[in-house]
Structure formats: C-alpha cells, structure tokens
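One structure is given here, and the rest of the page talks about it.
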Amino acid sequence: MKVIAAVDILGGQVVRLLRGDPNNKVVYSEDPIEIAKKWETEGAEMLHVVDLDATLRTGHNNSEIAYKIIEAVSLPVQIAGGIRSIQAVEDALRKNAAKVVLGTLAFKEPNTIKQLAKKNEDRIVISIDQKDGIVMIDGWREPAGIKVEEAIKLFRPMGIREFLITSVDRDGTLKGPDLTARRIASGGISSLSDIVRIRVARCSSVILGKALYDGKITIEKVKVLA
C-alpha cells in the first residue's frame with residue numbers, strides 16, 4: 001500500500017479544513033514547498049497536492065506553487081483540486097505531474113474522461129467524494145446524482161483504474177475512515193489502527209492529512225504497517 005502525504009494549499013498556505021469548510025481551517029505552514037520537502041525526507045512515496053482555492057472557486061489558484069513543488073522534490077506528485085478543463089489537465093501533465101485527480105469535470109463531462117484516458121489512463125485518477133453514499137462535486141457542495149459504486153462502474157470501462165474515495169463527513173475530523181464503501185483512500189484517518197483497517201480493505205494507497213500534521217501518526221510507522 002502506497003503512503004501518500006497531503007499538501008492542501010489555500011491562499012498560499014498549507015492548511016487542513018474540517019469537512020471542506022474554508023471557515024473552519026487550521027494553518028500549518030506559510031511555505032508549501034518546505035512542507036513538501038519535509039514529507040519527502042520523512043519517507044512519503046508520493047505527494048497529494050490540493051489547490052483549495054481552485055476547488056472552492058475563490059478567484060485565485062495555487063497552480064504555480066504546485067508546479068514549484070514538482071520541481072523541488074524527487075518523488076511523484078499528484079495534483080488535485082479545481083481541475084475542470086482539458087487544458088488544465090494537459091498543463092499539469094506537461095509540468096510533470098505524476099497523476100491528475102479529477103472530480104467535478106469527470107461527473108459533468110464523462111466523455112472528456114474517455115478522451116483523456118486514451119492518452120493518459122495511468123495518470124488520470126477519478127476523485128469520488130461521497131456523502132451518505134452519494135458522490136459530491138464542486139467543492140463538496142453539489143450532489144452529482146450518482147452513487148459510489150455506480151461511479152466506479154461508469155469510469156472503469158473508460159480505462160480508469162484508480163479512484164480516490166473520500167468521505168466528506170469524515171475529512172479532517174480524525175474520527176476514523178468510513179469503510180462502508182469498497183475502497184477508501186482518505187478522510188478521517190486518526191491512528192495506526194485505521195491504517196490496518198484500510199490495508200485489510202485492500203486499498204492500493206492511503207493519503208495522510210490531519211493526523212500526520214498533528215503528529216498523531218508518522219510516515220515511518222505507517223509504512224511499516226502498509
């Protein structure tokens with residue numbers, strides 16, 4: 001199981017939000033590049049860089065910071081958050097993003113995913129943010145009208161093999177992951193026992209966020225269990 005460290009960026013700062021709410025945030029650093037290097041040094045196998053400004057449509061974006069992180073570290077970087085056009089996907093791939101995570105674009109324009117997957121199926125990840133089993137899009141504010149399992153069945157025939165499933169109600173809460181869905185990669189992880197549960201659920205990777213930043217777990221110990 002691959003161990004991935006999250007770097008969520010809002011207003012140029014590294015933050016963690018509670019259930020995606022920008023009014024309920026904790027700022028961990030003013031220097032995202034420094035944090036990215038820190039997780040690389042501590043043994044992360046990949047970085048999950050999220051542009052929260054783009055996700056929440058604040059009128060700003062942190063794409064240049066994300067691209068600088070790609071240049072600053074030697075491990076693969078997965079870019080996520082507010083990527084809602086083919087051009088934005090191509091820009092990220094051209095800047096050497098290892099993978100691009102797509103949510104809103106995927107569910108509003110599924111044919112676009114089919115087009116992108118033809119050339120880059122191993123670099124496209126579909127984000128399935130779920131609340132009560134229903135996929136949420138547009139910064140977790142709008143239901144897509146499709147269930148988690150239906151979403152997986154929709155995109156698999158297009159060549160998509162990787163799905164990032166996050167429980168909206170658990171994200172940033174440290175209440176433990178929601179394992180009701182078949183694959184849960186992030187959201188609510190609070191302890192090493194959660195890591196064991198995720199491994200048993202046969203997830204291919206786990207994304208570490210708040211628990212990592214709050215010092216409740218370490219990358220080194222997670223890798224031993226993974």
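Scan the range 113-135 and tell me whether some residue there is in a strand (DSSP E or B), more than 16 Å from the chain's Cα centre (by Cα) and among the hydrophobic types (A, V, I, L, M, F, W, C).
Yes: one or more hits.
Would you check if there is a residue in the range 30-40 being within 14 Å of the chain's Cα centre (by Cα), farther than 14 Å from residue 73 by Cβ and either surrounded by fewer than 16 Cβ atoms within 10 Å (Cβ to Cβ) or in contact (Cβ under 8 Å) with a residue 24 or more places away in the chain (or both)?
No; the residues of the range 30-40 include none that is within 14 Å of the chain's Cα centre (by Cα), farther than 14 Å from residue 73 by Cβ and either surrounded by fewer than 16 Cβ atoms within 10 Å (Cβ to Cβ) or in contact (Cβ under 8 Å) with a residue 24 or more places away in the chain (or both).
Could you look through the range 1-29, keep only residues that are among the basic types (Lys, Arg) and touching a residue at least 40 places away in the same chain (Cβ under 8 Å), and pick out the one that is surrounded by the most Cβ atoms within 10 Å (Cβ to Cβ)?
Of everything passing the filter in the range 1-29, 16 is surrounded by the most Cβ atoms within 10 Å (Cβ to Cβ).
Which number in (1) closer than 22 Å to residue 124 by Cα; (2) in a loop (DSSP other than H, G, I, E, B); (3) at pLDDT below 90 marks the one condition that residue 160 misses?
Residue 160 satisfies every listed condition except (3).
Would you call residue 75 within 24 Å of residue 189 (Cα to Cα) and either hydroxyl-bearing (Ser, Thr, Tyr) or touching a Pro at 6+ places or on another chain (Cβ under 8 Å) (or both)?
No.
What is the residue count in the range 136-157 for residues that are part of a helix (DSSP H, G or I) and either hydrophobic (A, V, I, L, M, F, W, C) or crowded, with 22+ Cβ neighbours inside 10 Å (or both)?
5
Regarding the range 92-107, can at least one residue be identified that is in a helix (DSSP H, G or I), buried (at least 20 other Cβ atoms within 10 Å of the Cβ) and touching a Ser or Thr at 6+ places or on another chain (Cβ under 7 Å)?
Yes, the range 92-107 has at least one match.
Confirm whether residue 66 is in contact with a strand residue (DSSP E or B) (Cβ under 9 Å, 6 or more places away or on another chain), within 21 Å of residue 195 (Cα to Cα), buried (at least 22 other Cβ atoms within 10 Å of the Cβ) and at pLDDT 95 or above.
no
Which residues, taken from the range 71-102, are within 16 Å of the chain's Cα centre (by Cα) and β-branched (Val, Ile, Thr)?
Those that are within 16 Å of the chain's Cα centre (by Cα) and β-branched (Val, Ile, Thr): 77, 79, 83, 89, 100, 101.
The values are calculated or read from the model by the stated rules, or taken from the named source; none is laboratory data. In this text the structure is predicted, and so the values were computed from the model without any measurement. Note that we place each Cβ from the backbone using ideal geometry, even for glycine, and neighbour counts take in every protein chain shown.
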